[in-house]
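Before any comments, here is the structure.
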Amino acid sequence: MIISRSGSIRFPGLVVLKRTTDTERAEKSISGNNQYSDGLAPCFVTCLRIVAAKHFAATNARKKLRVLRASVVNISRSAYATDTAESELMENLKREAFFTSPVPFESARIQAAAVYCSDGRFGRQFDDLLQHGLQLPRYDRLAVPGGAACLASHFTAYREEEGVAEQLRFLISAHQLRRVVLIAHEGCAFYTQRLRVSPLQLESQQREDLQKAVRRVRSLSSDLDVVAFFARKTWEGLVQFELVE
Ligand SMILES: [Zn+2]
């Protein structure tokens, strides 16, 4: 909106109001314009009423008009911001959920994390150990191929080691971790295929790596309680966890 020196009020490209003392007519003119008949129109019309009344009531009211003009701009900007937020909210409401979990969200952090292999066949058992064996629900998960293997200073996995150590540092700081659980599992392909460890030496290498990884994680923060487990398949088709010290 532009208020000229001659007293005309202009909405660029849309409406030009000639100088007049008829405020009501000016409002009607603005209200009658389709461009302003919805959305921000009430705001503009209200502002226009104030500006017009002040403007047309006095001949030397230019200073007041400048202040009012600035107010109109501010009001229209805040109205635009509110309108944008409302439209975003409406868009969110319109989105349909593909799936809604019935599990309630709990915001309290448990201040514990587990580092284990990405192998999804062991995922439920890892969860079971952490949630029921160690009473650590909602623990932070750091799943990488080989799990703690990449924290045991293997040259071929030095990039993974840097990445996992950095992610652990972040969690220790951001989530105030106090406990870290490391888990290796029987028959891990990361050892046999990536590290080229012989199946005959596999378990002894994994146990040795877990011990190294415990020391590595403890070096990240002296306040951490770090424990390690080896997951073994039993002949009944279950998974048992052995503490590695
Ligand atoms: Zn694995």
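Rule-based calculations on the coordinates, nothing more; no lab input. Everything numeric in this text was worked out from a predicted model, so none of it was measured. Counting neighbours? That spans all protein chains shown, and the Cβs are built from the backbone with ideal geometry, glycine included.
Per-structure values
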{"quantity": "Farthest toward positive dipole pole in the range 118-171 [+1 Lys/Arg, -1 Asp/Glu at C-beta], among 137, 153, 118", "calculated": "137"}
{"quantity": "GluC sites (Glu not before Pro) within the range 77-159, DSSP loop, no more than 16 other Cβ atoms inside 10 Å", "calculated": "96, 106"}
{"quantity": "Length released on extending from residue 80 to residue 240, taking residue separation times 0.36 nm less the Cα-Cα span", "calculated": "51.6 nm"}
{"quantity": "Cα-centred dipole magnitude for the range 115-192, charges only on beta-carbon of K, R (+1) and D, E (-1), debye, nearest 20", "calculated": "240"}
{"quantity": "Cleavage-rule hits (GluC sites (Glu not before Pro)) in the range 203-240: DSSP loop, at most 13 neighbouring Cβ within 10 angstrom", "calculated": "236"}
